[in-house]
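Values in this text are rule-based calculations from the coordinates and carry no lab data. No experiment lies behind these values; they were computed from the predicted model shown. Neighbour counts are summed over all protein chains in view; Cβ atoms, including those assigned to glycine, are modelled from backbone coordinates with ideal geometry.
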Amino acid sequence: MSYGDIAACAGAASPRQVGSLLAGTDHAVPWHRVVHADGSLAAPDHERQRQMLMAEGVRFRGSRVDMASCRHRPSSDG
């Protein structure tokens, strides 16, 4: 999911709020699964984030997550 996707699901005012929350979390939160809307990696350590995503089967197009095939879209029923 992108920061904007999570903000929309959580009712946050902006994707920046999501980024601020993730920056202050421990590694128990799956921070590596959050990317920019264009699929570019957002973590300070891009290589680690990429490796973690690839280990989960996430596909890339160049240096970006293939958002068309890998973006999580939560169901509307919760």
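Counting pairs of alpha carbon atoms under 8 Å apart in space and at least six apart in sequence, what relative contact order in percent does the chain give?
Details: 71 pairs, mean separation 21.2, N = 78.
Computed over the chain, the figure is 27 percent.
Can you compute the modelled spin-label distance between ALA12 and SER63, with each label point 7 Å from Cα toward Cβ, in nm?
2.4 nm
Dividing the alpha-carbon Rg of the range 3-70 by 2.2 N^0.38 Å yields what?
Values: Rg = 11.8 Å, N = 68, 2.2 N^0.38 = 10.9 Å.
Cα-based Rg divided by the globular estimate yields 1.08.
Would you kindly derive the ³J(HN,Hα) couplings of the range 51-66 from the backbone phi angles with the Karplus curve 6.51 cos²θ - 1.76 cosθ + 1.60 (θ = phi - 60°), listing them in order in whole Hz, with x for Gly and Pro?
4, 5, 5, 5, 5, 8, x, 6, 8, 10, 10, x, 9, 10, 5, 6
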